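These notes concern the structure reproduced below.
What follows is calculated from the coordinates using simple rules that are stated; it is not laboratory data. Given the structure is predicted, the values throughout are model-derived calculations rather than measurements. Don't worry about glycine lacking a Cβ; one is built from the backbone with ideal geometry, like all the others, and counts go over all protein chains shown.
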Amino acid sequence: MTEQMQILYERLSFCFETRKFADLRILLLDMEPVDIALFLENNLDEKEQIMFFRLLPKELASDVFVEFDTSTQQSLIKAFSDKELKEVIDDMFLDDTVDIIEEMPANVVKRILMNASPEDRKQINELLEYPEDSAGSIMTTEFISFSPSTTIESAFDKIRRTGLTKETIYTCYVVDRKKRLLGAVSVKDMLLAEKNTIIADIMDSNAVVVNTLDDKEQVALMFSKYDKLALPVIDKEGCLVGIITVDDAVDVIQEEASEDIQKIAAVLPNEKPYLKQSIFSIYKARAPWLILLLITSTFTSIILSKYESSLDAIMYAFVPMLMGTAGNAGGQTSVTIIRAIAVRDVEFKDIFKVILKELLVSIVLGITISLICFGKIMLIDRLYNDISMMRASVISLVCAISIIMAKLVGSILPLLAKKIKLDPAVVASPLMTTIVDALSLIIYCTIAIAVL
């Protein structure tokens, strides 16, 4: 938090505690909704949150409500009268209402729908029918559209009449009488055109579109690719049914990135903020993976016990270093490939290109690390162990081979997982650890026994 924001929060607390509500409302009008939401959640208890929220100007209340986490929204809804709930819902955009409904228990959902207008309730139910990971689930039906024969003057009249209730007015859409999408037009182009020009003459008939059932993560990445503020969503008949705005795309990207990071770290994804999670929910997210990794480490134990009698204490002491180095090398590659898959930079058809690139990189890295390893053993490890140059050479050679092997495994596993329709982040991390540990041990023990 910046020093300026900290000072502002202190002023809010002072005004609220001393009941200077007029001054408080003046401060709130100059603040962003997300900052107000963070103040309520981090500085006030549940009763104070309800009281503070009721002090918010009506035009600001709905925007702040959207920024709360699910538990705060739920406690506020329980405290609201039907009239208060209706006022909040009426001022919210439909896609935000749907997002809230999807996180609420059935009794809360029932209250929200009961207090929504019949028209809003119909559109909410339609949006709720789309699959959770589809473009349809994050779109809004509040957009501005024109017929191709509309003049610029008439178009601006419509924007003035209806713009306040729309998600965005910067990009508008052109449809025919059957609501089929014909193109898009920006307000900038409209401002630069003569007022008697018709929309058809300045619209972009090659607008980038998405379908209702497209994957929402893929749709979110299209915003980065095409630098759009909004994308139109069409159904199977080509009819315009909604739009997705860039703020919703950013939310999707953030959610997916957080989910991937958690999976890579062998933790079940949890959408709640860390401090809002219960001890038991954190336990449930972590325990399954730790149990799985414990079981898979049995392979490592079997390999060690098989070769234990063939390795002396000195060579045995380097096992953790070699396993750790190989694991880190494989982890670097797997995370890189998983991210490349997520942003659609790499697909399964590119597997041989990926393998070749990682092979070349791993050879260079393997040689570099093995030379450093050899120097470390001769300069440092020899101070407290009687290590011959031959032993140091074997350890360094195995280090290089293990790095090459680990990077190849780290590049292949995520792509194979994606090919068989498994989540690369889920499969690659625990499975790679087991495979790399086992292979590096086998390589080390085999070469050490053969040479020494």
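Rounded to the nearest 20, the size of the Cβ-charge dipole of the chain about its Cα centre is 1300 debye, with Lys and Arg at +1 and Asp and Glu at -1.
Stokes-Einstein at 37 °C, 0.692 mPa s, Kirkwood radius from Cα pairs: D for the stretch 364-412 in µm² s⁻¹? Write down the numbers at each step before the final one.
On the way: Rh = 11.2 Å.
Calculated translational D: 293 µm²/s.
In this calculation the C-beta distance from Glu46 to Ile449 is compared with R0 = 51 Å, giving a FRET efficiency of 0.15.
Over 18 Å, how big is the tail of the calculated P(r) for the stretch 129-206, in percent of all Cα pairs? Walk me through the intermediate numbers first.
On the way: 1266 of 3003 pairs.
I get 42 percent for the Cα pairs in the stretch 129-206 exceeding 18 Å.
Model label sites at Lys276 and Leu55, defined 7 Å from Cα along the beta-carbon direction, differ in position by 2.3 nm.
For the pairs Lys78/Lys276; Lys216/Lys349; Lys228/Lys357; Lys78/Lys228, note any where the Cα-Cα span goes beyond 28 Å.
Working: Lys78/Lys276 19 Å; Lys216/Lys349 23 Å; Lys228/Lys357 33 Å; Lys78/Lys228 38 Å.
Lys228/Lys357; Lys78/Lys228, as the Cα separations exceed 28 Å there.
Taking the 0 to 90 degree range and rounding to the nearest ten, how far is the long axis of helix 106-115 tilted relative to the main principal axis of the chain, both from C-alpha atoms? Result, in degrees: 30.
Compute for the stretch 288-362: radius of gyration divided by Kirkwood radius, i.e. Rg/Rh, restricted to C-alpha atoms, rounded to two decimals. With Rg and the Kirkwood Rh in hand, the quotient comes to 1.11. Against the chain, whose longest principal axis is taken from its Cα atoms, helix 118-128 shows a tilt of about 20°.
Candidates Met104, Val394, Val409 compared by Cα position along the dipole of the chain: farthest toward the positive end lies Val394, with charges placed on Cβ. Each Lys or Arg adds one and each Asp or Glu takes one away; over the other residues whose Cβ falls under 12 Å from the Cβ of Glu84, this sums to +2. Model label sites at Arg160 and Asp251, defined 7 Å from Cα along the beta-carbon direction, differ in position by 3.2 nm.
Quick one: in the stretch 174-249, what % of C-alpha pairs are over 14 Å apart?
Details: 1775 of 2850 pairs.
Of the Cα pairs, 62 percent sit more than 14 Å apart.
With Rh defined as the Kirkwood radius, the inverse of the mean 1/r over Cα pairs, the Rg/Rh of the stretch 329-452 is 1.07. Taking each residue as 0.36 nm, the span from Glu10 to Arg286 lengthens on full extension beyond its C-alpha to C-alpha distance by 95.6 nm. Hey, what's the per residue convex hull volume over the C-alpha atoms of the stretch 1-131, in cubic angstrom? Taking only Cα atoms, the stretch 1-131 has a hull volume of 109 Å³ per residue. Length available on full extension from Tyr384 to Arg25: 0.36 nm per residue minus the Cα-Cα distance, which gives 122.1 nm. Report summary: the helix-based calculation at 222 nm, which adds -39500 (n - 2.57) for every DSSP H run with n ≥ 4 and divides by the residues of the chain, gives -21000 deg cm²/dmol. Label sites at Ile372 and Thr2, each approximated as a point 7 angstrom past Cα along Cα to Cβ, lie 3.9 nm apart. Excluding Thr333 itself, what net charge comes from residues whose Cβ is under 9 Å from its Cβ, given Lys and Arg +1 and Asp and Glu -1? Computed value for this residue: 0. Considering the chain, its Cα convex hull presents a mean projected area of 29.8 nm². Remark: relative contact order (the chain) = 11 percent; criterion is Cα-Cα distance under 8 angstrom and separation of 6 or more residues. Size check on the stretch 1-65: the Cα extents along the three principal axes, sorted descending, read 28, 24, 22 Å.
Against the chain, whose longest principal axis is taken from its Cα atoms, helix 3-17 shows a tilt of about 50°.
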